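Data first, discussion second: the structure below is written as structure tokens.
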Amino acid sequence: MSLPKVLLTGFEPFGGEQTNPSWEAVELACERLSLPTTAVELPVSFADSALQLREAIATAQPDLVLCLGQAAGRAALTIERVALNLIDAPIPDNAQAQPIDEPVVAQGPAAYFAALPVKACVEASRAVGVPAAASLTAGTYVCNSTFYYLSHLIATEYPSLKGGFIHVPLSPKQGIDGGQATLDPSAVATALVAIVHTALRVDTDIASTGGQTH
Ligand code: PCA
């Protein structure tokens, strides 16, 4: 039996940062995974991230796609449960586009759930010592739009593909002033390797608590 194929994506820097820990973690995880893995750095552009993701999936023909993005202020790896069909950009993207209240996909459903065993992935990260939680919002910026676009591709063109989105904290070098929580991209990569294996293996998610009262 051939090995499952994995596509990992991270983003280029944005918002005045010099680096993006999502891409740093993806590069490290790619070196460590013993599965055929493709790593792609996506542009922080509403238009181009979708196009490049579509192209990467068509080329790699993966069994699993995990897209990662930076989420300043978050203290743990957060595995996103819900992709919204809504763009409401608080800042322009790297191509200077700032859409307000537009759909990611015209006529698409309002939302998709991640095609991933989210709670099993949370547990897989915690089991290797990396803090993780399930998240109910990926925001309304480029990460959410990429996650929605991925989910739409899965729903409409790649029904057997597993895929989802993971937000990661700033790296220690970005948060050197101590004002925001940070996590080393190497630790993110450790979690990512465990999550890849779990996501490929688990079809029915575990029933651990992971919801929120508000
Ligand atoms: N984070 C942004 C876009 C790119 C990234 O790494 C977001 O959360 O939307």
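The values are calculated or read from the model by the stated rules, or taken from the named source; none is laboratory data. This one's a predicted model, so the numbers in the text were calculated from it and none came from an experiment. Using ideal geometry, Cβ is built from the backbone for each residue, glycine included, and neighbour counts are taken over all protein chains shown. The protein model used for the area step is the full one, side chains on, heavy atoms only, and it has no ligands, DNA or RNA in it. Shrake-Rupley method; radii C 1.70, N 1.55, O 1.52, S 1.80 Å.
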*Find the centroid of the Cα atoms in the range 111-152 and in the range 34-79, then give the distance between the two in whole Å.*
12 Å
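Ignoring any ligand, DNA or RNA, what whole percent of the accessible area of the range 126-214 comes from carbon and sulfur when the probe is 1.4 angstrom?
56 percent
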*Run the numbers on the chain and let me know its relative contact order in percent, using alpha-carbon pairs under 8 Å that are six or more apart.*
28 percent
_Per residue, in Å², the accessible surface of the chain once ligands and nucleic acids are set aside, probe 1.4 Å_ = 45 Å²
*All lysines inside 29 Å of Lys162 as judged from Cα atoms, apart from same-chain residues fewer than 8 positions distant*: Lys5, Lys119
*Calculate the tail of P(r) for the range 147-214: the fraction of all Cα-Cα distances greater than 18 Å, expressed in %.*
61 percent
*Give the long-range amide H neighbours of Lys5: residues separated by 5 or more places, or on another chain, with amide H under 5 Å away, using H modelled in the peptide plane at 1.01 Å from N.*
Asp63, Leu64
_5 Å-binned pair-distance histogram of the range 104-185 (Cα, whole percent)_ = 3, 13, 19, 19, 19, 13, 8, 5, 1
*Compute from the Cα atoms of the chain the Rg and the Dmax, the latter being the longest Cα-Cα distance, and quote both in angstrom.*
15.8, 50
_Per 0.36 nm of contour for each residue apart, how much would the distance between Leu35 and Phe113 grow if the chain were fully extended, relative to their Cα-Cα spacing?_
25.5 nm
*Do you know the relative contact order of the range 109-214, to the nearest whole percent, from alpha carbon pairs under 8 angstrom that are 6+ apart?*
43 percent
*Enumerate the calculated ³J(HN,Hα) couplings along the range 29-38 in order (Karplus 6.51 cos²θ - 1.76 cosθ + 1.60, θ = phi - 60°), each rounded to whole Hz, writing x wherever the residue is Gly or Pro.*
5, 4, 5, 8, 6, 9, 10, x, 10, 10
*In whole percent, how big is the carbon plus sulfur part of the accessible area of the range 53-118, probe 1.4 Å, protein atoms only?*
54 percent
*By what distance, in whole Å, do the Cα atoms of the range 1-104 stretch along each of the three principal axes, largest value first?*
47, 28, 25
*What is the sum of charges around Arg54, taking Lys and Arg as +1, Asp and Glu as -1, for the other residues whose C-beta is under 14 Å from the C-beta of Arg54?*
-3
